[in-house]
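Everything below concerns the one structure shown next.
The values are calculated or read from the model by the stated rules, or taken from the named source; none is laboratory data. Keep in mind that what you see is a predicted model, and the values were worked out from it rather than measured. As a convention, Cβ positions derive from the backbone with ideal geometry for all residues, glycine included, and neighbour counts pool all protein chains shown.
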Amino acid sequence: MDELKVFTGNAHPTLAAAVCGYLGIPVGKSQVFEFSNENTFVRILENVRQRDVFVVQPICSPVNTSLVELLIMLDALRRASAGRITAVVPYYGYGRTDKKDQPRVPITARLIADLLTTAGANRLLTVDLHAPQIQGFFTIPVDELTAITLLSQHFRDKKLDNLVVVATDIGITKRARDVAANLDASLAIIEKRRLGNDDAAEALNVIGDVNGCVALTVDDEIDTGGSLTAVSETLLTKGAREIYACATHAVLSGQAIQRIQACPVKEVVVTDTIPVEAGKRVDKITVLSISSLLGEAIHRIHTGLSIGAMFE
Ligand code: R5P
């Protein structure tokens with residue numbers, strides 16, 4: 001357990017390399033690929049017996065491939081007698097399917113927790129879960145980091161006047177309140193209702209005053225950009241004079257980039273928990289790196305230091 005090793009699948013090797021750069025170690029050698037029959041194959045190419053092993057792999061596009069790669073890597077490491085295995089999942093895909101809110105639907109976020117544990121994970125290290133209660137789906141220790149400080153610092157440096165932080169739905173209110181506290185800003189909340197299971201979203205009501213203010217919206221993720229479009233248009237009609245947006249996870253699926261380009265938001269700030277390819281890095285989008293935060297957390301898990309102290 002004295003030696004720390006970090007491996008990666010194909011979901012986000014750049015982030016894994018940056019994390020290893022922070023830790024001053026090379027990325028662990030492994031092969032992770034798909035045969036022509038679509039079966040995923042993994043081989044760990046170095047000895048991991050009794051080592052403290054971390055696997056960096058967000059559950060991001062292609063979501064099911066990323067998940068299966070992670071599961072198979074965990075299995076390979078467990079069978080190779082790793083001393084402790086931490087699944088480092090900066091973006092916990094399927095996190096939005098976290099409750100039975102319609103008849104006969106699954107709780108996939110719980111299923112994934114069981115799969116990761118069965119495959120061999122002894123711990124989970126993750127960032128801004130869709131709902132913090134997902135931690136409770138695990139019977140192994142979970143460390144959930146937050147990008148709130150990183151995102152807040154970006155906007156603190158901008159020195160925006162008359163700022164109001166806007167929670168894009170009721171569920172994100174606590175995190176938005178933390179951003180507001182970091183920026184000495186007031187808080188407003190959007191009451192948003194989804195219409196059915198498609199990606200359409202409707203922003204209905206703004207709780208709080210945004211008239212004449214610079215608004216900064218806070219969300220855990222931007223997926224199709226539907227929420228951001230609806231929320232920013234609502235803020236404009238309520239008199240916001242300038243709008244910025246931040247979110248931890250840049251899912252950016254479907255028409256997201258076109259919607260971001262077309263919506264009245266001046267800048268959208270996200271992190272690299274998910275890779276943001278060159279084609280998606282349009283002028284309006286700023287990507288902050290989470291690698292130091294993850295690297296420091298891995299160092300602290302390995303050496304038995306407090307993770308909470310990172311955020312005090
Ligand atoms: C939903 O509850 C989440 O917090 C985000 O608001 C949502 O994932 C954003 O999705 P989209 O960009 O597709 O509207």
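The table that follows gives values for the structure above.
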quantity: Complete set of residues in segment 233-250 that are among the basic types (Lys, Arg) and surrounded by 24 or more Cβ atoms within 10 Å (Cβ to Cβ); calculated: none
quantity: Check on residue 279, within 21 Å of residue 188 (Cα to Cα) and either out of contact with any strand residue (DSSP E or B) (no Cβ under 9 Å at 6 or more places or on another chain) or not assigned by TED's automatic domain parsing to the domain that holds residue 62 (or both); calculated: no
quantity: Residues satisfying the stated conditions in segment 233-252, i.e. part of a helix (DSSP H, G or I) and within 23 Å of residue 159 (Cα to Cα); calculated: 235, 236
quantity: Matching residues, segment 264-283, being free of Cβ contacts under 8 Å to residues at least 40 places away in the same chain and within 15 Å of the ligand (Cβ to nearest atom); calculated: 276, 280
quantity: Residue within segment 70-86 that is closer than 18 Å to residue 275 by Cα and modelled with pLDDT of 95 or more present; calculated: yes
quantity: Index of the failed condition, residue 178 passing every other in (1) under 19 Å from the mean Cα position of the chain (by Cα); (2) free of Cβ contacts under 8 Å to residues at least 12 places away in the same chain; (3) away from the ligand (no atom under 15 Å from the Cβ); calculated: (2)
quantity: Residue under evaluation residue 208, criteria (1) on the phi > 0 side of the Ramachandran plot; (2) free of Cβ contacts under 8 Å to residues at least 40 places away in the same chain, criterion not met; calculated: (2)
quantity: Selection within segment 55-88 - closer than 14 Å to residue 30 by Cα and touching a Phe, Trp or Tyr at 6+ places or on another chain (Cβ under 7 Å); calculated: 55, 73
quantity: Residue count for segment 253-285, restricted to those that are under 20 Å from residue 90 (Cα atoms), in a loop (DSSP other than H, G, I, E, B) and not small (Gly, Ala, Ser); calculated: 7
quantity: Checklist (1) without any contact (Cβ under 8 Å) to a residue 12 or more places away in the chain; (2) within 13 Å of the ligand (Cβ to nearest atom) applied to residue 245, failing item; calculated: (1)
quantity: Selected residue [of a type outside the set (Gly, Ala, Ser) and assigned by TED's automatic domain parsing to the domain that holds residue 190] from 161, 114; calculated: 161
quantity: Looking only at segment 212-232, and only at residues there that are away from the ligand (no atom under 13 Å from the Cβ) and not in a loop (DSSP other than H, G, I, E, B), the one that is surrounded by the fewest Cβ atoms within 10 Å (Cβ to Cβ); calculated: 214
quantity: Failed condition for residue 89, given (1) farther than 19 Å from residue 291 by Cα; (2) free of Cβ contacts under 8 Å to residues at least 60 places away in the same chain; (3) surrounded by 17 or more Cβ atoms within 10 Å (Cβ to Cβ); calculated: (1)
quantity: Candidate set from segment 159-170 (those that are in contact (Cβ under 8 Å) with a residue 24 or more places away in the chain and exposed (fewer than 15 other Cβ atoms within 10 Å of the Cβ)); member that is farthest from residue 233 (Cα to Cα); calculated: 161
quantity: Pair list, Cβ < 9 Å and 6+ apart or interchain, from segment 294-312 residues that are in a helix (DSSP H, G or I) to residues that are exposed (fewer than 10 other Cβ atoms within 10 Å of the Cβ) and among the hydroxyl-bearing types (Ser, Thr, Tyr); calculated: 300/306
quantity: Count - residues of segment 251-263 that are more than 10 Å from the ligand (Cβ to nearest atom) and either surrounded by 24 or more Cβ atoms within 10 Å (Cβ to Cβ) or of a type in the set (Gly, Ala, Ser) (or both); calculated: 1
quantity: Residue satisfying all of: in segment 133-159; part of a helix (DSSP H, G or I) and charged (D, E, K, R); farthest from residue 217 (Cα to Cα) among these; calculated: 157
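Let's see how each residue does on (1) over 24 Å from residue 53 (Cβ atoms); (2) of a type in the set (D, E, K, R); (3) more than 16 Å from the ligand (Cβ to nearest atom):
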| position | (1), (2), (3) |
| --- | --- |
| 83 | no, no, yes |
| 96 | yes, yes, no |
| 127 | no, no, no |
| 155 | yes, no, yes |
| 159 | yes, yes, yes |
| 164 | yes, no, yes |
| 172 | yes, no, no |
| 192 | yes, yes, no |
